[in-house]
Amino acid sequence: MTKTFKATLRLPSPNNTKVQVALAYKGIPYEIDSVTGGEPETIAKLVKISGQPLTPIIEHGDVVMFGSDSILRYLDANFPGPRLFSADRDEMKAIEGWESFHKNELMGALRPAFEVFFGGMQGPEADANIVRANAAFYEATAVVEKRLGEQKEAGSEWLVGDTMTAADIFVACYSGFGDLPEGQEDWNPLWKWFNSKLVLGDNRELTRGLIHRVLTLLPAPVGV
């Protein structure tokens, strides 16, 4: 009997979209329980499932797991389909390098903009934060563009190896705030706001292509 795979997600958080992209890429059917907000009843629900208040959370048979990067590893270790990680030691280290990059450089670049959106910041202080976010984002994506240029010369359109890996999912789900595929910005208020404030910028065509290849795997929300 096939075990039901359930994903509890708070969309459009990039850590949650990473799981959705990975599930789609590996062709894993799943039930989704979409939660919103941080009300006490929502937090209590998440804690009851996994013992902690954050999403994403997966339930697969007797297994309950939280943390997007851990979940991607679980998917790769337990399901067939395209590989998210690599059996090659050097490629695996490279993928983990991009994992660190998206957590530090990319998230660090976006943080001032998140402070504006979630903190209700307005006026000159908010404007200054957006300027800082765009400058840091442009600098961070220069690293992505350079790597993709090197890969293009080697005949690949991906960050590591010749196929899409977790490295591409890590980077695209955060970089996508600067250039979502057409129409996706209307899926939720957060993406719409970021689409109007954050700019991927010039000389980022390879990065833009990567973002769009990865994020087109995202299923449209119900009703869109």
Subset of region 1-50 [over 19 Å from Leu217 (Cβ atoms), charged (D, E, K, R) and in contact with a strand residue (DSSP E or B) (Cβ under 7 Å, 6 or more places away or on another chain)]: Lys3, Lys6, Asp33
Gly38: over 19 Å from Gln20 (Cα atoms), of a type outside the set (Val, Ile, Thr) and outside the structural domain of Gln20 (by TED's automatic domain parsing), yes or no? no
Going through Ile49, Ile43 one at a time, which residue ends up being over 27 Å from Pro80 (Cα atoms), out of contact with any helix residue (DSSP H, G or I) (no Cβ under 7 Å at 6 or more places or on another chain), among the aliphatic types (A, V, I, L, M) and in a helix (DSSP H, G or I)? Ile43
Within the bounds of region 164-180, is there any residue that is hydroxyl-bearing (Ser, Thr, Tyr) and over 30 Å from Arg73 (Cβ atoms)? no
Those residues of region 1-37 which are over 17 Å from the mean Cα position of the chain (by Cα) and closer than 21 Å to Pro82 by Cα amount to Thr2, Lys3, Thr4, Phe5, Lys6, Gly27, Ile28, Pro29, Tyr30, Glu31
Tell me, yes or no, whether region 168-176 has at least one residue that is closer than 26 Å to Lys26 by Cβ and free of Cβ contacts under 8 Å to residues at least 12 places away in the same chain. no
Considering only residues of region 147-184 that are within 14 Å of the chain's Cα centre (by Cα) and among the charged types (D, E, K, R), which is farthest from Met92 (Cα to Cα)? Asp179
For region 73-104, give me each residue that is within 16 Å of the chain's Cα centre (by Cα) and surrounded by 19 or more Cβ atoms within 10 Å (Cβ to Cβ). Leu75, Leu84, Phe85, Ile95, Trp98, Phe101, His102
So which residues in region 52-101 are within 24 Å of Ala140 (Cβ to Cβ), of a type outside the set (Gly, Ala, Ser), outside any helix (DSSP H, G or I) and out of contact with any strand residue (DSSP E or B) (no Cβ under 9 Å at 6 or more places or on another chain), if there are any at all? Leu84, Phe85
Under 6 Å between Cβ atoms, which residue pairs at least 6 apart in sequence (or on different chains) link something in region 141-163 that is closer than 13 Å to Arg213 by Cβ with a partner that is part of a loop (DSSP other than H, G, I, E, B) and at pLDDT 95 or above? Ser156/Asp162; Trp158/Met164
Are any residues in region 1-45 in contact with a His (Cβ under 7 Å, 6 or more places away or on another chain) and surrounded by 17 or more Cβ atoms within 10 Å (Cβ to Cβ), and if so, which ones? Phe5
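The values are calculated or read from the model by the stated rules, or taken from the named source; none is laboratory data. This one's a predicted model, so the numbers in the text were calculated from it and none came from an experiment. Positions of Cβ are backbone-derived with ideal geometry, glycine not excepted, and every protein chain shown enters the neighbour counts.
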